[in-house]
1. Counting just the residues of segment 41-55 that are within 14 Å of the chain's Cα centre (by Cα) and open to solvent by less than 40 Å² (accessible area, probe 1.4 Å), which one comes out nearest to residue 28 (Cα to Cα)?
2. Kindly indicate which of 62, 82 is open to solvent by 50 Å² or more (accessible area, probe 1.4 Å), among the hydrophobic types (A, V, I, L, M, F, W, C) and either modelled with pLDDT under 85 or closer than 19 Å to residue 138 by Cα (or both).
3. Exactly one of (1) among the hydrophobic types (A, V, I, L, M, F, W, C); (2) over 30 Å from residue 167 (Cβ atoms); (3) in contact (Cβ under 8 Å) with a residue 40 or more places away in the chain is unmet by residue 2. Its number?
4. Could you list, ordered by first residue, the pairs with Cβ atoms under 6 Å in which the first is in segment 102-125 and among the aromatic types (Phe, Trp, Tyr) and the second is surrounded by fewer than 16 Cβ atoms within 10 Å (Cβ to Cβ), at least 6 apart or interchain?
5. For segment 1-31, which residues satisfy the criterion of being among the polar types (S, T, N, Q) and in a loop (DSSP other than H, G, I, E, B)?
6. Within segment 11-31, work out how many residues are closer than 30 Å to residue 49 by Cβ, polar (S, T, N, Q) and open to solvent by 60 Å² or more (accessible area, probe 1.4 Å).
7. Pairs needed: first member in segment 127-152, free of Cβ contacts under 8 Å to residues at least 40 places away in the same chain; second member anywhere, of a type in the set (Phe, Trp, Tyr); C-beta distance under 7 Å; at least 6 residues apart or different chains.
8. Among the numbered conditions (1) within 23 Å of residue 177 (Cβ to Cβ); (2) modelled with pLDDT under 85; (3) in a helix (DSSP H, G or I), tell me where residue 150 comes up short.
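The values are calculated or read from the model by the stated rules, or taken from the named source; none is laboratory data. Everything numeric here is computed off the predicted structure, so don't read it as measured data. So basically every Cβ, Gly included, is an ideal-geometry build from the backbone, and we count neighbours across all protein chains shown. SASA here: full protein model, heavy atoms, side chains in, ligands and nucleic acids out. Shrake-Rupley method; radii C 1.70, N 1.55, O 1.52, S 1.80 Å.
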Amino acid sequence: HLNNNPWVESDASYIDLKGNLNVRYKEYVPMLRVFSNDGRSVYVTESGYVLPPSDTYTPYVLVASGNFTVKDTLGYTLSDTLDRDRNLLNALHWCKAIGKNRFASNSVGQLYCNGKNGFELSVKGLDMQVVVGDTTLAADKLARLEVFMKRKVNSPETKNMKSINLNYKNQIVCTKR
């Protein structure tokens, strides 16, 4: 029964000398939930293993939506597939980078993959787009976002901003409404 559950990573069962049945299993730990263009969703673990949604509970993980395609066959590893979706791998990379940055892990609510396969962040406390682009220098982009938030989040200037673009090296480009 445990082998048929896609959320079970490994399991072992045995009967001890007293006649007791002992069952041990390890469950996958999701890191990211991805919603595809057609509304389907999957979970992705840190190692890139793709899981179907659970019928019993919803793990509290970072959400990614937008330009993703999800295969019908679940229970595969992203790095093992021949026709792998680069956007899923990039979303996982962003999720790991956000998890390593204490500020970002507390303030980023969602990842969005736009039509140009670039990424945008939904940040708590900001009513604007935060464009981060591809995964190049992800840690640096998140560090610049932290500096910007600490210095300018309560400034009246931010109310007139439409977007913040962190896609350029050593720069923060803001666009007015």
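1. 45
2. Details: 62 fails: open to solvent by 50 Å² or more (accessible area, probe 1.4 Å).
Only one candidate qualifies: 82.
3. Status for residue 2: all satisfied but (3).
4. Once the first residue is among the aromatic types (Phe, Trp, Tyr) and sits in segment 102-125, its partners that are surrounded by fewer than 16 Cβ atoms within 10 Å (Cβ to Cβ) give 103/146.
5. Restricting attention to segment 1-31, the residues satisfying the condition of being among the polar types (S, T, N, Q) are 3-5, 10, 13, 20, 22.
Hits for segment 1-31 are 5, 20.
6. 1
7. 132/119; 133/119
8. That leaves (2) as the condition not met.
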